[in-house]
1. Quick one: in segment 312-357, of everything that is within 16 Å of ligand 2 (Cβ to nearest atom) and aliphatic (A, V, I, L, M), which residue is surrounded by the most Cβ atoms within 10 Å (Cβ to Cβ)?
2. S366 fails exactly one of the following numbered conditions: (1) open to solvent by 20 Å² or more (accessible area, probe 1.4 Å); (2) among the polar types (S, T, N, Q); (3) not in a loop (DSSP other than H, G, I, E, B). What is the number of that condition?
3. Identify all residues within segment 432-456 that are open to solvent by 20 Å² or more (accessible area, probe 1.4 Å), in contact (Cβ under 8 Å) with a residue 60 or more places away in the chain and not aromatic (F, W, Y); write none if there are none.
4. For M183, only one of the following conditions fails: (1) closer than 25 Å to V122 by Cβ; (2) away from ligand 2 (no atom under 16 Å from the Cβ); (3) in contact with a strand residue (DSSP E or B) (Cβ under 7 Å, 6 or more places away or on another chain). What is its number?
5. Please identify the pairs in which a residue from segment 397-413 that is on the phi > 0 side of the Ramachandran plot has its Cβ atom under 8 Å from the Cβ atom of a residue that is in a helix (DSSP H, G or I) and open to solvent by less than 10 Å² (accessible area, probe 1.4 Å), counting only partners at least 6 apart or on another chain.
6. What about T164, is it open to solvent by 30 Å² or more (accessible area, probe 1.4 Å), within 16 Å of ligand 2 (Cβ to nearest atom) and of a type in the set (S, T, N, Q)?
7. Out of I333, I351, I360, I need the residue that is part of a loop (DSSP other than H, G, I, E, B) and closer than 26 Å to T124 by Cβ. Which one?
8. How many residues are under 18 Å from I298 (Cβ atoms), modelled with pLDDT under 95 and among the hydroxyl-bearing types (S, T, Y) when one looks only at segment 362-421?
Amino acid sequence: MTAIETKERLTPGPASSAMLWEYAPSLESTDHVKVASRYNLFIGGQFVEPHSKRWFETINPSTEETLAEIAEADAEDVDRAVGEARRAYDKVWRKISPSERAKYIFRIARLIQEKSRALAIVETMNGGKPIKESRDIDIPLSAAHFFYYAGWADKLEYAFPNRTVSSIGVAGQIIPWNFPLLMAAWKLAPALAAGNTIVLKPAETTSLTSMLLAEIIQEADLPPGVVNIITGAGGTGAALVSHPDVDKIAFTGSTEVGKRIQRSIAGSKKRLTLELGGKAPNIVFEDAPLDQAIEGIINGIYFNQGHVCCAGSRLFVQESIVEPVIRKLRDRITTLRVGNPLDKNTDIGAINSRAQLEKIRELVESGVEEGAEMYQSSCTLPARGFWFAPTFFTGVSQSSRIAQEEIFGPVLSILTFRTPEEAIEKANNTPYGLSAGVWTEKGSRILKMVSKLRAGVIWANTYNKFDPASPFGGYKESGFGREGGLHGLAPYVKLS
Ligand code: NAI
Ligand code: MG
């Protein structure tokens, strides 16, 4: 028996069990969605077999069933993709008028909207996230991102007044598995708007929506080679990073790989932006609207199974309200529905991969061993697939691994504070600096906290709100560079 199983499992108390409603299944139908048995590389506007002649399986993490085979690009494939991107840049994309560029980007946005239902289903099948999230958040935000940057394409001189703006060249972009299509949109849209061409590499567990995006790009009739999408794992990413003809690297993923990338391109002409991990403080003051804060805490850590770089994974509660906050959180996590991601009532879907599940388990066990007290929802987990029940820890010390390391799962660490100064000091005691949350009725306190918290994005009395017009990015080991908004154009332009 593991440490996890020996600890307290929550069951709804008498008051709530009397009112507990069983939800009837409400499955999104998948009949109309076509997933091919095999996907090749998208290079120079065509789907081509990989030089490696190798394919790997991509699965549904909620069933462990194989969905398709994905091509594994080797260094020669990378070279071919970069070559096509360079040719398209020199011959076409840098030359066409900005308003023409905008039309293509608008077209991609509209096609994403048109195909949103299928995209949401495939995102959910391949990544494990609840359909209500892929349907209401990932896919609409992806379209919104393309719409937003399409609008900038012919207005760059207003984005950077009194400067001459030009494109950079070929961008190599590497993205993670937690928001597959949305991260592709965050990368592609500003790069295209600024007049660059691209080689994009999705994460190995979640390539499918990128391949559907490749089909959309074909349908939008983008000039061949402007966007190339190559699949594969870390080796493919490393080959893209080290290719001599890439001008800019944009990476979202682990801090470990981000550091490796930064080291490997040091001294080269390549520009770099990194969006890495986080261990965000979510700070609740005693005057906060409590029920609203509870929903913000839940959303902050359990959204997308906690596979969120800006997740509010360290909760700081003012000492005077610790008791009601913990009681309310205990009640609330028992009501979260964990299970089939294609069910429209599901709140928490499958963990993205076996490797990620093992990482979560290992860190949770370390929390138990270090003496923190664990609360876990007693929900029934499906027999197949990768699952982790919503969990939180109390009595967590600052130095504990679960207070310092990114768990990237549905696991919250709760700490306490007495004064705003103590909250700031504890919140900033982390190698990361991506995001933070503050809950209080006092506007002046919000402003004070915001000026002292070392985090790129700070939400007040809300959490995990995204908008394409709003810049996103980190300090310290969370990386550098901003995505979204006007700021998101800067990494893709040369100014003189
Ligand atoms: P990872 O950083 O290895 O993977 C992210 C992307 O980088 C994938 O496309 C992967 O194929 C690629 N990659 C891997 N090694 C590379 C290399 N040497 N050169 C170039 N590209 C490379 O992340 P992983 O292993 O999937 O997850 C490990 C942990 O990282 C997670 O548990 C989480 O804590 C963190 N993470 C943070 C993310 C964020 O959004 N900030 C996203 C994904 C993971
Ligand atoms: Mg890795």
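The values are calculated or read from the model by the stated rules, or taken from the named source; none is laboratory data. Computed from a predicted structure; not experimentally measured. For neighbour counting, all protein chains shown are included, and Cβ atoms are generated from backbone atoms with ideal geometry for every residue, glycine included. In case anyone asks, the SASA skips ligands and DNA or RNA and just uses the protein heavy atoms, side chains included. Shrake-Rupley method; radii C 1.70, N 1.55, O 1.52, S 1.80 Å.
1. Per the criteria, the residue is I351.
2. (1)
3. E441, K442, R445
4. Every condition holds for M183 apart from (2).
5. Here the result reads F408/G306; F408/I360, each pair linking segment 397-413 to a residue that is in a helix (DSSP H, G or I) and open to solvent by less than 10 Å² (accessible area, probe 1.4 Å).
6. No; evaluated as a whole, the condition is false for this residue.
7. Details: I333 fails: part of a loop (DSSP other than H, G, I, E, B); I360 fails: part of a loop (DSSP other than H, G, I, E, B).
Result: I351 is the single residue among I333, I351, I360 that is part of a loop (DSSP other than H, G, I, E, B) and closer than 26 Å to T124 by Cβ.
8. Number satisfying all stated conditions: 1.
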